[in-house]
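Below: one structure, written as C-alpha coordinates.
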Amino acid sequence: MSVLRIDTNVSHAVLEDAFFVQTTEALAKTLKTPKSDIIVFVNGDLPIILAGSEEPAAIVTLLSINGINEIDNKLHSAALFPLLTKSLNINENRITIGFSSIDPHYMGNNGKMMIQ
(Lines give C-alpha, C1' and ligand atoms only; values in the text may rest on other atoms or scores of the structure.)
Protein backbone atom coordinates (compact mmCIF):
# COMPACT_ATOMS: atom_id res chain seq x y z
CA MET A 1 0.00 0.00 0.00
CA SER A 2 1.27 3.45 -0.94
CA VAL A 3 -0.14 6.93 -0.39
CA LEU A 4 0.85 10.03 -2.36
CA ARG A 5 -0.31 13.22 -0.66
CA ILE A 6 0.06 16.54 -2.45
CA ASP A 7 -0.42 19.73 -0.42
CA THR A 8 -0.44 22.83 -2.60
CA ASN A 9 -1.58 26.42 -2.78
CA VAL A 10 -2.83 25.74 -6.33
CA SER A 11 -6.53 25.00 -6.70
CA HIS A 12 -7.28 21.30 -7.04
CA ALA A 13 -9.90 22.34 -9.62
CA VAL A 14 -7.13 22.78 -12.23
CA LEU A 15 -6.34 19.08 -12.11
CA GLU A 16 -7.82 16.84 -14.73
CA ASP A 17 -8.72 13.22 -14.04
CA ALA A 18 -5.83 12.22 -16.30
CA PHE A 19 -3.39 13.56 -13.68
CA PHE A 20 -4.58 11.02 -11.11
CA VAL A 21 -4.50 8.18 -13.63
CA GLN A 22 -1.02 9.10 -14.91
CA THR A 23 0.34 9.58 -11.40
CA THR A 24 -1.04 6.24 -10.23
CA GLU A 25 0.41 4.49 -13.30
CA ALA A 26 3.81 6.14 -12.82
CA LEU A 27 3.98 5.12 -9.16
CA ALA A 28 2.78 1.59 -9.90
CA LYS A 29 5.72 1.28 -12.26
CA THR A 30 8.39 2.77 -9.99
CA LEU A 31 7.07 1.09 -6.84
CA LYS A 32 6.59 -2.22 -8.70
CA THR A 33 3.12 -2.59 -7.18
CA PRO A 34 -0.43 -2.89 -8.55
CA LYS A 35 -2.37 0.32 -9.19
CA SER A 36 -5.00 -0.98 -6.76
CA ASP A 37 -2.47 -0.51 -3.94
CA ILE A 38 -1.90 3.21 -4.61
CA ILE A 39 -3.83 6.20 -3.26
CA VAL A 40 -3.25 9.67 -4.75
CA PHE A 41 -4.90 12.74 -3.29
CA VAL A 42 -4.49 16.50 -3.48
CA ASN A 43 -5.17 19.13 -0.85
CA GLY A 44 -5.44 22.33 -2.85
CA ASP A 45 -5.94 26.00 -2.04
CA LEU A 46 -3.78 25.77 1.08
CA PRO A 47 -1.93 28.78 2.48
CA ILE A 48 1.69 27.92 1.63
CA ILE A 49 4.68 30.21 1.68
CA LEU A 50 7.92 28.77 0.33
CA ALA A 51 11.11 30.83 0.51
CA GLY A 52 9.06 33.87 1.49
CA SER A 53 6.86 33.68 -1.62
CA GLU A 54 3.21 32.74 -2.18
CA GLU A 55 3.92 31.65 -5.77
CA PRO A 56 2.56 28.18 -6.67
CA ALA A 57 4.25 25.51 -4.56
CA ALA A 58 3.69 21.93 -3.45
CA ILE A 59 4.78 19.76 -0.57
CA VAL A 60 4.46 16.12 -1.58
CA THR A 61 4.70 13.05 0.64
CA LEU A 62 5.05 9.49 -0.62
CA LEU A 63 4.32 7.00 2.14
CA SER A 64 4.85 3.36 1.20
CA ILE A 65 5.36 -0.08 2.66
CA ASN A 66 7.71 -1.03 -0.19
CA GLY A 67 10.01 0.73 -2.63
CA ILE A 68 11.27 3.62 -0.53
CA ASN A 69 15.06 3.69 -0.60
CA GLU A 70 17.94 5.77 -1.92
CA ILE A 71 17.92 4.20 -5.39
CA ASP A 72 14.17 3.93 -5.99
CA ASN A 73 13.45 7.43 -4.66
CA LYS A 74 15.38 8.82 -7.64
CA LEU A 75 12.99 6.93 -9.94
CA HIS A 76 9.94 8.21 -8.04
CA SER A 77 11.23 11.80 -8.27
CA ALA A 78 11.96 11.46 -11.99
CA ALA A 79 8.43 10.15 -12.58
CA LEU A 80 6.60 12.63 -10.35
CA PHE A 81 8.27 15.97 -11.08
CA PRO A 82 7.17 16.22 -14.74
CA LEU A 83 3.58 15.33 -13.81
CA LEU A 84 3.48 17.87 -11.00
CA THR A 85 5.10 20.71 -12.93
CA LYS A 86 2.85 20.21 -15.94
CA SER A 87 -0.47 19.57 -14.20
CA LEU A 88 -0.11 22.11 -11.39
CA ASN A 89 1.97 24.61 -13.37
CA ILE A 90 4.59 24.79 -10.61
CA ASN A 91 8.32 25.31 -11.13
CA GLU A 92 10.46 22.36 -10.02
CA ASN A 93 12.27 24.50 -7.46
CA ARG A 94 8.92 25.07 -5.70
CA ILE A 95 8.15 21.38 -5.20
CA THR A 96 9.49 19.31 -2.32
CA ILE A 97 8.94 15.56 -2.08
CA GLY A 98 9.40 13.64 1.16
CA PHE A 99 9.69 9.85 1.09
CA SER A 100 8.64 7.77 4.08
CA SER A 101 8.93 4.03 4.41
CA ILE A 102 6.39 2.48 6.74
CA ASP A 103 6.28 -0.96 8.31
CA PRO A 104 3.19 -2.98 7.33
CA HIS A 105 2.00 -3.18 10.94
CA TYR A 106 1.67 0.64 10.95
CA MET A 107 -0.84 0.74 8.08
CA GLY A 108 -4.34 -0.70 7.92
CA ASN A 109 -6.88 -1.24 5.15
CA ASN A 110 -10.19 -3.04 4.90
CA GLY A 111 -10.39 -3.51 8.68
CA LYS A 112 -7.02 -5.26 8.90
CA MET A 113 -3.37 -4.41 9.28
CA MET A 114 -1.37 -4.69 6.07
CA ILE A 115 0.75 -7.42 7.67
CA GLN A 116 -2.26 -9.73 8.23
- Message: Given contacts defined as C-alpha pairs under 8 Å and at least six residues apart, what's the relative contact order of region 2-111, whole-number percent?
- Response: 35 percent
- Using a cut-off of 16 Å between alpha-carbon atoms, which aspartates and glutamates can reach residue 32, once sequence neighbours fewer than 8 places away in the same chain are excluded? 70, 72
- Message: What is the angle, in °, between the Cα long axis of helix 70-88 and the longest principal axis of the Cα atoms in the chain? Nearest 10 is fine, range 0 to 90.
- Response: 40 degrees
- Message: Quick check: at a probe of 1.4 Å, how many percent of the accessible area of the chain sits on carbon and sulfur atoms?
- Response: 52 percent
- Query: So what is the accessible area of the chain per residue, in Å², with the probe set to 1.4 Å?
  - Reply: 59 Å²
- Once you have the Cα-Cα distance between residue 21 and residue 53, take 0.36 nm times their residue separation minus that, and quote the gain in nm to one decimal. 8.5 nm
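The values are calculated or read from the model by the stated rules, or taken from the named source; none is laboratory data. Remember, it's a predicted structure, so these values are computed and weren't measured experimentally. Note: areas computed on protein heavy atoms with side chains; ligands, DNA, RNA excluded. Shrake-Rupley method; radii C 1.70, N 1.55, O 1.52, S 1.80 Å.
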